[in-house]
Amino acid sequence: MLTEERRQHILAQIQAAGKVQAAHLAAHFGVSRMTIHRDLAYLHARGWARKVFGGAVAMETESVEPAAGAPAGGCAMCGARLRQRTAFVLQCADGARLHACCPHCGLMLLAGRGDVVSALAADFLHGRMINVRDAAFLVGPELSLCCAPTILCFASRAEGERFRQGFGGDLLDHLQAQASLQQSMALHP
């Protein structure tokens, strides 16, 4: 595994669990604790995690960057209230952390930025933060939660498929979901 991939996985674990232990990470990745401490220092230096004795913890979500004119703590795309069940977080190379209210807004932000180093979304069923690249997205289910068209994120394709059977929609990977969203937005400006 490349250093950058390992760091992305570590960041995803921090976001999902709220904290990680260096000893556990070293065993999991088969690297030395010193390597993990360097990885955690890297994440800390960029403001993506806070290094603590023996590991790291997630940064507080107070660093949300709202859209122009949006209330503090709102979605960086539309300004809507942030929801834990549909959360979407982008970490950018310049250290900026962008929060979106839902995968719809998160995928739009992701498409518009070329400097994203990590993208995480909440699994709709379980609430765990997962890497967007590993997620399955249900686009256009007969369920309205936030922005339209509704897009929901699932940790596994199987769970997304079961949900799709009840609510309809198209089950896609993140690139397909982005393309579908961009096409939909072009048709309905």
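The values are calculated or read from the model by the stated rules, or taken from the named source; none is laboratory data. Here the structure is a predicted model, which means the values were calculated and not measured. Note that each Cβ is placed from the backbone with ideal geometry, even for glycine, and that neighbours are counted across all protein chains shown.
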- prompt: Counting only residues that are closer than 17 Å to residue 93 by Cβ, more than 17 Å from the chain's Cα centre (by Cα) and crowded, with 19+ Cβ neighbours inside 10 Å, how many does region 1-45 have?
  reply: 1
- prompt: Just wondering, is there one or more residues in region 102-111 that are buried (at least 24 other Cβ atoms within 10 Å of the Cβ), within 27 Å of residue 41 (Cα to Cα) and touching a Cys at 6+ places or on another chain (Cβ under 7 Å)?
  reply: no
- prompt: For region 119-132, does any single residue satisfy the condition of being out of contact with any strand residue (DSSP E or B) (no Cβ under 6 Å at 6 or more places or on another chain), part of a loop (DSSP other than H, G, I, E, B) and either touching a residue at least 60 places away in the same chain (Cβ under 8 Å) or not assigned by TED's automatic domain parsing to the domain that holds residue 182 (or both)?
  reply: yes
